[in-house]
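Since every read-out is calculated from the coordinates, none of them should be taken as a lab result. Treat the numbers as computed from the prediction; the structure is a model and nothing was measured. Note that each Cβ is placed from the backbone with ideal geometry, even for glycine, and that neighbours are counted across all protein chains shown.
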Amino acid sequence: MSRVLIVGAGGVGQVVAHKCAQVPEVFTEIMLASRTREKCDKIAAQLPRAIQTAKLDADNVAETVALIQAFKPDLVLNVALPYQDLHLMDACLETGVHYMDTANYEPLDEAKYEYKWQWAYQERFKEKGLMALMGSGFDPGVTNVFCAHAAKHHFDEIHELDIIDCNAGDHGQAFATNFNPEINIREITQRGRYWERGEWVETDPLSWSMTYDFPEEIGPKKCFLLYHEELESLVMHLKGLKRARFWMTFSEQYLTHLKVLENIGMTRIDEIDYKGQKIAPIQFLKAVLPDPGSLGPLTKGRTCIGCLMKGIKDGKEKTVYVYNICNHEEAYKEVGSQAVSYTTGVPAMIGAMMMLTGKWMEKGVRHMEEFDPDPFMDALNRHGLPWKEVVS
Ligand code: NDP
C-alpha cells in the first residue's frame, strides 16, 4: 500500500505510469505531474485504472513542496530531466519523502556527468532517515544491477567491465534521438572517459570504436567509447576492478548528421543572441527534431544492452555476459512507447517497487549496486525485461 508521485510526462514518464498502474498491490495511489498538464492527462487516459494528474514546475521547490503536502506520497519518482534532480531532492528533504531518479544531476550550462552534486546530499538524507536512489533506469540502473548480480553469483573479483549498449532499431527518420535530444546530444558530444588501474583516462569524443558481435542474430555492430555515469559509482563498489568502459552503437548516418550539427554550432549549450532574444542552439535544435515520443509507432527492431565482465572465481579466469534484448514494436504495443523509453521506465518502476516494499531501503544517497540484486533481477523477468547470461 503506497503512494507514488511520478514527475515528468515524457517518453519515460509514459512507460513508468503504465508499469506502476499494472502493479496496484504496490502502487495503490499514483499521481503524474509535469510541466505540461495535458501530457499527464493524455497518458492517464490510456491507463487501465484512474490516477491523479497535476501541473508542476519541478524547478520551483515551493510548488513541489505544496504538491507533496497535498498528495502525501511515500516516494517521488523523478523522470523529468536531470536539471530537476537537486530541486526535487530539496523538496523531498523538506517534506520527509523518499526520492529516486534515472539520471544524475547536470548543470544546465555545463555538460558534466558527476554524482558530486547529489552525493553532497548524503548526510542530509541520512539525518532525515530518507533514501535517495540514484539512476534506476537501464544504463545507469539495470547495468549496475547486472554487475552486482555477477559479483554475487559468478565472481570473487571482477577485473574488466565493458557495458555495451546497442540500439539495433530503425525509426526511418534521417536524424532523431531516442530520448530527450538535448540530454542525448550533450552526453554523446562530451569527451570520452574510461577507468583503468585506478585512474580516469580521457579520449576525444567518439574517437575510440570496436565491433561487437551481439547475440540472437543482432550481429556485429560498431560501438563507440563514451563516458557514462554508472562508471563513477561502479568503480567505487566493485571489488578488484582494473578497467571499466562504456560503449554505444551509432550508425554512420547518425554520426554524419551529428558532425554537421556540431560543425555549424547547433549543438552549442551556451546562449546566443538571436534578434534580441537569448537562445541556446541545442534547445532550438530540440524544438525542430522529432519528439522521441513520436518515434514509438515508427521504430522497428530491438535493443540489446548488457555487461561483459572478466574476472576470477576460485582462482580461475571466468567471463560472464549478462544482457537484455527488448523489441521496439512489442514495447509500443504494451505501453505506447519504443524500447529506449521502455527499458528506462520498467527499471524505474522496479526501483520504486524495491524501495516501497522495503526490499531496498537504506538511509542516504544510494546506488543500485549497493543492494541485493536478486529481487530486482527477478522483477525484471516478471515485468517485461527478461535477461540472459552467457558464462565461459
Ligand atoms: P522527455 O523530454 O521525453 O520528458 C521529460 C519530461 O519532463 C517532459 O514531460 C517535460 O515536460 C518534463 N519536465 C521538464 N522540465 C520540467 C520541470 N521543470 N518541471 C516538471 N516537468 C518538467 O525525456 P525522456 O522521458 O526521454 O527522459 C526522462 C529522463 O530519463 C531524463 O532525465 C533522461 O536523462 C532519463 N533517461 C535515463 C535513461 C537510463 O537508462 N538511465 C535512458 C533514457 C533516459 P514538457 O513536456 O512540458 O517539456
**Message:** Using the basic label-point model (7 angstrom from Cα toward the beta carbon), what is the Gln122 to Asp372 distance in nanometres?
**Reply:** 2.5 nm
**Item:** Positive dipole terminus of region 1-155, leading residue within Asn78, Ala148, Ala66 (C-beta point charges)
**Value:** Ala148
**Complete:** Protection proxy (average C-beta count within 10 Å per residue), highest first, orders 2-13, 277-288 as 2-13, 277-288
**Request:** Return the subset of Lys39/Lys363; Lys242/Lys363; Lys39/Lys300; Lys112/Lys239 for which the Cα-Cα distance in this structure is over 31 Å, preserving the input order.
**Result:** Lys39/Lys363
**Message:** Going by Cα centres, region 113-172 and region 10-86 are how many Å apart?
**Reply:** 23 Å
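Name the shape class, rounded, prolate or oblate, that the alpha-carbon gyration tensor gives for region 101-150, where a ≥ b ≥ c are the square roots of its eigenvalues, rounded holds for a/c under 1.5, and otherwise prolate holds if a/b is larger than b/c and oblate otherwise.
oblate
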**Prompt:** Where does the chain land at 222 nm, in deg cm²/dmol rounded to the nearest 500, when only DSSP H runs of n ≥ 4 count, each adding -39500 (n - 2.57), divided by all residues?
**Reply:** -10500 deg cm²/dmol
**Asked** Rounded if a/c is under 1.5, else prolate if a/b beats b/c, else oblate: with a ≥ b ≥ c from the C-alpha gyration tensor eigenvalues square-rooted, which is region 1-74?
**Response** oblate
**Request:** For region 44-125, would you read off the P(r) tail past 14 Å as a percentage of all alpha carbon pairs?
**Result:** 65 percent
**Request:** Would you calculate the separation in nanometres between label points at Asp109 and Ser294, each defined as 7 Å from the Cα along the Cα-to-beta-carbon direction?
**Result:** 3.2 nm
**FRET efficiency estimate (nearest 0.05) - Cβ-Cβ, Asp314 to Ile279, R0 51 angstrom** = 0.30
**Request:** Add +1 for every Lys or Arg and -1 for every Asp or Glu among the other residues with Cβ under 9 Å from the Cβ of Thr299, and state the total.
**Result:** -1
**Prompt:** Taking the Cα centre of the chain as the origin, how large is its charge dipole in debye, to the nearest 20, when only Lys and Arg (+1) and Asp and Glu (-1) carry charge on their Cβ atoms?
**Reply:** 420 debye
**Prompt:** Comparing Phe250, Phe376, Phe146, which has the greatest mean-square fluctuation in the GNM of the chain with Cα pairs linked when under 10 Å apart?
**Reply:** Phe250
**Request:** Let me know the shape class of region 196-269, please: from the alpha-carbon gyration tensor, a ≥ b ≥ c as square roots of the eigenvalues, rounded when a/c is under 1.5, otherwise prolate if a/b is greater than b/c, or oblate.
**Result:** oblate
